[in-house]
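Worksheet: one structure, shown below.
The values are calculated or read from the model by the stated rules, or taken from the named source; none is laboratory data. Predicted model only: the values in this text are computed from it and were never measured. For neighbour counting, all protein chains shown are included, and Cβ atoms are generated from backbone atoms with ideal geometry for every residue, glycine included. We work out accessible area using only protein heavy atoms, side chains counted, and drop any ligands, DNA or RNA first. Shrake-Rupley method; radii C 1.70, N 1.55, O 1.52, S 1.80 Å.
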There are 2 protein chains.
Amino acid sequence: MLKDLFGSQNLEAVVLLLFLARTVATSTSLAALVSLPTGHHGIDQLHLSELQGVVLGLLFGAVLATFLLFVVVFIVISLGVWPLPQAITSSTERYPLTPQAFCFSYGRRSAARPGCSVLDAASERYFSLIFPDYTYGSTGLETFSQLVYQDDFGSTKIEDFPRFQFRGILLDTSRHYLPVKTILKSLDAMAYNKFNVFHWHIVDDPSFPYQSHTFPDLSSKGAFHPMTHIYTQSDVRRVISYARLRGIRVLPEFDSPGHTKSWGKGQSDLLTPCYKGGIPSGTFGPVNPALPSTYQFMERLFKEVSAVFPDSYIHLGGDEVDLSCWRSNPYVRAFMQKMGFGVDFAKLEAFYMEKVVNITSFFNKTSIVWQDVFDYHERRSSLSVVEVWKEGCYLCEVRRVAKAGLRVILASPWYLDQPGPTHNWARYYTVWPLAFKGTEEQKSLVIGGEVCMWGEYVDATNLAPRLWPRASAAAERLWSNEKQTSSVDKAFPRLQDFRCILLRRGIQAEPLYVGHCKHEYHSV
Amino acid sequence: MLKDLFGSQNLEAVVLLLFLARTVATSTSLAALVSLPTGHHGIDQLHLSELQGVVLGLLFGAVLATFLLFVVVFIVISLGVWPLPQAITSSTERYPLTPQAFCFSYGRRSAARPGCSVLDAASERYFSLIFPDYTYGSTGLETFSQLVYQDDFGSTKIEDFPRFQFRGILLDTSRHYLPVKTILKSLDAMAYNKFNVFHWHIVDDPSFPYQSHTFPDLSSKGAFHPMTHIYTQSDVRRVISYARLRGIRVLPEFDSPGHTKSWGKGQSDLLTPCYKGGIPSGTFGPVNPALPSTYQFMERLFKEVSAVFPDSYIHLGGDEVDLSCWRSNPYVRAFMQKMGFGVDFAKLEAFYMEKVVNITSFFNKTSIVWQDVFDYHERRSSLSVVEVWKEGCYLCEVRRVAKAGLRVILASPWYLDQPGPTHNWARYYTVWPLAFKGTEEQKSLVIGGEVCMWGEYVDATNLAPRLWPRASAAAERLWSNEKQTSSVDKAFPRLQDFRCILLRRGIQAEPLYVGHCKHEYHSV
C-alpha cells in the first residue's frame, strides 16, 4: 500500500508530500485527521451529490521537542475539519480519487523512512477510514468511485502544528473499572481529536486495579475483583502499544499520600493508623510518612512502574491530603518533632512528596503533581510540572506557577465528568489558557491542558457520550490558533460535522443539538 | 418448556402458582421481574458464595381494568427487587433450583390457558434471564447448578400489583431519529422496570419519520432522510408487536396544531402562512385551523393512524401553540370573526383541538392532550385525559384537572432529557403524585405518570445511559406502595443492585456512584 509516488507512473493518484522538519523522536506524536463527508445536519434532505470530497492530512511531530510539520494534500473540501489546522488554503483544481490509485507515501526529504512502524500502521488505519466501503466488495466500491468521478474537487494545502504540546485526557479506572476495550476505543477517539496524552489515573481510594508483579496483593486485595477488575501486565502493555501507534503517550498516575485507601488492603503498615482518644480507631488515613518502610515500598513500586510505563513523565498526585489522621497519630507527631516540622503538616506533606519525587527522578522520570503540592511546598524548585485543577481563578494559579518558573498543565475548566449542562460545549471552548499577565517566557511554560473524566459517575456505559464531543471543544482549544477559533457560532457547524465523523467511526459521541447524521450510531 | 406441574412427576421442580383475578384482557400488562444476583457494589471483594439465590416473579394483569395478581414463587432471596412488590414475605425453607427441572406453568385456576402467546413468549424470555449460562454449554451449567446446590435458599411469597395503571416513557423520534433497534432495546428495559406505556412522540417540528401510506410525502419530504431516517409500516408493526409481548402499549402522538413544521414539507396548504406588512412572509406557523381541507387531511391521517396503532388511546399533543402567525394571517382573523371568536385565539385553539378530538373519537380512540389544551379550553368536558408537563406547582395543576373530573397523567417531575445532576436520581424518586388536597375520587383520576425523554440532546448514542437507571426511580414510584418506598437511603442499595441486573441484561444503565458490578457493561 505504501509506495513512493515520485517517479512512478501513477500520476492520477493522490500526491502526498510530507516534510518533516525534525526527526521523529522516540516519543512521536502522530495526529492524523481525515474528514469524510459522512455527516450532514439540519432538516434539509441529503443528496448523494453532497459527497463533495475528502480532506485528509497526515500530521507528525516530535512531541516533547519543538517541531514543525507541513503536509500538502491534494483532493479536498470544505466540510468540518476539527481541530482547525493552523493554515488551510484551497484552490479549484480537480483531482479524481480512487482507492486503487490512492496511497500514502514517505516524502523524499522526510526523516522518517519506509518501515517506520508507527507511520505504516497509521497509513493502513487511515486508508480504511478514507475508504470505508473499500472492503465491502466491488459494488460498494463501484458506487463510490462513480461518485468520486461525478463530483467536483478542489485542492487544499494544509500547514499544521499544535498550539500546545500537552493535550491530555484523564481517565479514572479506580472509582469504576473500565474494560480494556473501552480504553482502546477512547484512544481511537483521542487520536481523531489529536489528543496526545492518556493520563491514566489508574488507582485511587476505591480500588487498585493495577496488577503489580512486585506487590501482587495490591490488586488481589485492593481491586474490586481480583480477576475480572484488574489490569494485568499484558493489558497495560496492550494499552501502551495501542496508544503509541496513535501518537498518544500514556502518563500513569499513582496518586499519594492521599487517595490511597485501596493500597492499604494489600500492603499492611503502609497507611497511617488514625487515633481516637489516644488509641488506634481501626481506620486508616493517608500513606504513613513517618516510617522508613513506606519509602522502601515506594521505591520498589516506582521502580516497577517506571519500567512498565516507558513515558518519561509520571504523575505523582499529591492532592487533597486529609491531615486529621496524621494529626491524631502520636508517632507521626513525634516524627515531625524529630524532623523539626513542629506542627506544620504542610511541611510533612512537602517532605513526603519530595521523597517520592526523588525516587522517581532516580528512575529518570519527570514528575507531574497536582497544584496542591505547589501550594504547600516551600522548596518549589524541586518540582517540575504542576497541574492546575481547582475551580475559581485558575488563571491566577497558572500565573503563580509560571512565575515560579515551573511548567503548567491546565485542567480546571475541563472537568467533563460533571454532568452539568451537557450540550453547553461552548463552555469548554471559550477557555483562554494564556489570558494572564505574564512574560512570553512565562506563557511558554504553559505546556498544555487536560480533560478530566473522573469516575464517580462514569463507567463504560456512559464514558463515550459524556466525553465526546465535549472534549472535542477542548481539543481544538489546545491544538488550533486561538484567533481563528474564538467564535462559538463559527465552530458549531464544524463541530456538528466532526461529531458525525466520530459516529461514522464508531465513537458514541452524543448530539450537540437537534439534527441528524447520514450514518447514525447503531448499537450492536 | 411449559408444563402444568400439578399432577406431574416433576416434584423437584419449581412450583409456580398464578392466580389471575381477572381474564387477561386485550391490552394485557405483562410485568415480569426476575432478580439474579448479578451485581454487587462497594469495594468489598466478590465471592462466588455470594450467589445466594434467585427471586422471580411473573406478574400479570389487565391494564386498563382493575386487577389483582397474586404470584407465589418458591426459590428466593433478598437482593434488590425493583420496583418493590406490594408485599413480600420470606421463609427459610430450601429448594434446589436447576434449569432442567425449572419451568413456568399455568395455574389451574388461571383464566389464561396454555397457548397464550404473550405468556409463552414471556416464559421463554425469562427462562434465559434466570439461567443466563444455560445456553453456554455444559460447563457453565455445571458450575451454576453446583452453586445452586451449595447455597441456602429461603422461600418468598410475593403479592403484587401496580399502584398506577399508566406507567409511561416518552421517546422523541423527531428531534433525533432513533433506530428501530434502539427502540426495541428501550422496550426491553421498560419491561424490566415494569413500565407499560411507550409514548411514541413520533413526529414534531424537526422531522416527520412516520411513513404514512395515505400521505407518503410527509416522510419522503419531511423526514431527515426519506430512506434511512423513517419508520416504515413494517417498522411500526415490529415495534408494536415487540412491545405487546412485553406488556407494553404503544401510545402514538401526532402533536398538532403546533410542533408541525415538518408536516408542511410534504403537505401544502396545511400550515398557516405567516404575514408581515400585509403580505405572506414566506414562513409558516401552526396548522391552519381556518381551512376545511385541514380537517379533511386530519381525518384521513388519523383514520390511518388509528388503524396502524391498535391501542385505544392516542395522544393529540396540543402544546405550545405560537399564536403570532395565526394573528398575522388575515384569513385566519376573518375565520374567527365568522365563528364569533372575536380576537380570542384560545377559542380558535379550542375549536381546532375539539375538531381533532372528535375525529379520533370517531375512530374509537380516547385522546390524551398536553395540559395547555385543558388550560385554554372552556368546554373541558369534551376532554378525557390530560398530561401535566409544566414546571412549578404541578400538583396544583393535577388538582385542577382532577377537580374538573378528567383523568391525569403526571410528567412534570420526570423530564429526564435534562442533563442536570445525572446522579441525583433521588429527585425523581421523591415525587408524591397524590400529595394534593382532593377527594379519594379525585385522586383516583390520577392514572399514572410518565418519564419524558425529549430529543433535543438525545439520540441513540446517549439515550440508554440518560434514561437508566434514573427512570427506574420513577418506575418504582409508579408501581410500588409509597409508604414502603419513601426512603431514599433504603432504596439506594436496591437500586444499585437493580442497575447491575440491567447491565447484565445488556442495558447501558449508567452508574449511580462509585462501585462495580460483577458483570460490567461491555461495548461490542
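For the pair B and A, how large is the buried accessible area, both sides, in square angstrom to the nearest 100, if the probe is 1.4 Å?
Between B and A, the summed buried area is about 4200 Å².
Quick one: which residues, 5 or more positions from B:S281 or on another chain, have an amide H under 5 Å from its amide H? H modelled 1.01 Å from N in the peptide plane, none for Pro or chain starts.
Residues meeting the amide H criterion: B:C274, B:Y275, B:K276.
For an R0 of 45 angstrom, estimate the FRET efficiency from the Cβ-Cβ distance between B:S117 and B:S487 and round to the nearest 0.05.
About 0.65, to the nearest 0.05.
For segment B:207-214, just list the computed ³J(HN,Hα) in residue order, Karplus coefficients 6.51, -1.76 and 1.60, θ = phi - 60°, integers in Hz, with x standing in for Gly and Pro.
Here the 3J(HN,Hα) series is 7, 10, x, 6, 8, 7, 7, 6 Hz.
I'd like the Karplus ³J(HN,Hα) series for segment B:313-327: coefficients 6.51, -1.76, 1.60, θ = phi - 60°, whole numbers in Hz, and an x wherever there's a Gly or Pro.
Taking θ as phi minus 60°, the curve returns 9, 9, 9, 9, x, x, 8, 6, 7, 7, 7, 4, 6, 4, 4 Hz for segment B:313-327.
Check which residues have an amide H placed less than 5 Å from B:L170's amide H, if you skip close sequence neighbours.
Amide H to amide H, under 5 Å and 5 or more residues apart or across chains, B:L170 pairs with B:H199, B:V451, B:C452, B:M453.
Cβ under 10 Å from B:V343's Cβ, B:V343 left aside: what net charge do those residues give with Lys, Arg +1 and Asp, Glu -1?
Working: positive: B:R327, B:R333, B:K347; negative: B:D344.
Charge balance in the 10 Å sphere: +2.
Run the 1.4 Å probe and let me know the accessible area of A:W425, rounded to the nearest 10 Å².
So the heavy atoms of A:W425 present about 10 Å² to solvent.
Given Cα positions, please report Rg to Rh for segment A:436-499, the hydrodynamic radius being the Kirkwood one.
1.07
Would you mind calculating the gained length between A:I447 and A:C396 on full extension (0.36 nm times residue separation, minus the Cα-Cα distance), in nm to one decimal?
Result for the pair: 16.7 nm of gain on full extension.
How many nanometers, to one decimal and shortest first, lie between the label point of B:G282 and those of its other copies, if labels sit 7 Å from Cα toward Cβ?
Distances between equivalent label points, in nm: 7.8.
Inside 10 Å of the C-beta atoms of B:198-206, what's the mean count of C-beta atoms belonging to other chains? Walk me through the numbers on the way to the answer.
On the way: counts 0, 0, 0, 0, 0, 0, 1, 2, 6.
For this peptide, the per-residue mean of nearby foreign Cβ atoms is 1.
Using a cut-off of 16 Å between alpha-carbon atoms, which aspartates and glutamates can reach A:K303, once sequence neighbours fewer than 8 places away in the same chain are excluded?
List returned: A:E253, A:D255, A:D311.
When the C-alpha atoms of segment A:166-505 are aligned to their principal axes, what extent does each axis show, in angstrom, from largest down?
64, 49, 37
Would you please give the residues with an amide H less than 5 Å from that of B:Y210, counting only those at least 5 places away or on a separate chain, with H modeled from the backbone geometry?
Those qualifying (amide H under 5 Å, at least 5 residues apart or on another chain) are B:Y231.
Could you order B:T439, A:T461 by accessible surface area, starting with the largest, using a probe radius of 1.4 Å?
B:T439, A:T461
Could you check what % of the DSSP bridge pairs in segment A:166-505 are antiparallel, to the nearest 5? Mind dumping the intermediate values first?
On the way: 4 of 36 bridges.
Counting DSSP beta bridges with both partners in segment A:166-505, the antiparallel share is about 10 percent.
Place the label 7 angstrom along Cα→C-beta at A:I447 and in each other copy, then list the distances from the first to the rest in nm, shortest first.
Distances to the matching label points in the other copies: 6.5 nm.
Spelling out what I want: for every residue of segment A:120-130, take phi, set θ = phi - 60°, compute 6.51 cos²θ - 1.76 cosθ + 1.60 (Karplus), and round to whole Hz; glycine and proline get x.
After applying 6.51 cos²θ - 1.76 cosθ + 1.60, I find 4, 5, 5, 4, 4, 4, 6, 4, 5, 6, 6 Hz.
Could you tally the net charge around A:T430, taking each other residue with its Cβ under 12 Å from the Cβ of A:T430, Lys/Arg +1 and Asp/Glu -1?
-1
Heavy atoms only, probe 1.4 angstrom, no DNA, RNA or ligands counted: give me A:Y275, A:Y106 ranked by accessible area, highest first.
A:Y275, A:Y106
How far, in nm to one decimal, is A:Y513 from itself in the other copies if the label point is set 7 angstrom along Cα toward Cβ? Shortest first, please.
The projected label point of A:Y513 is separated from its counterparts by 3.7 nm.
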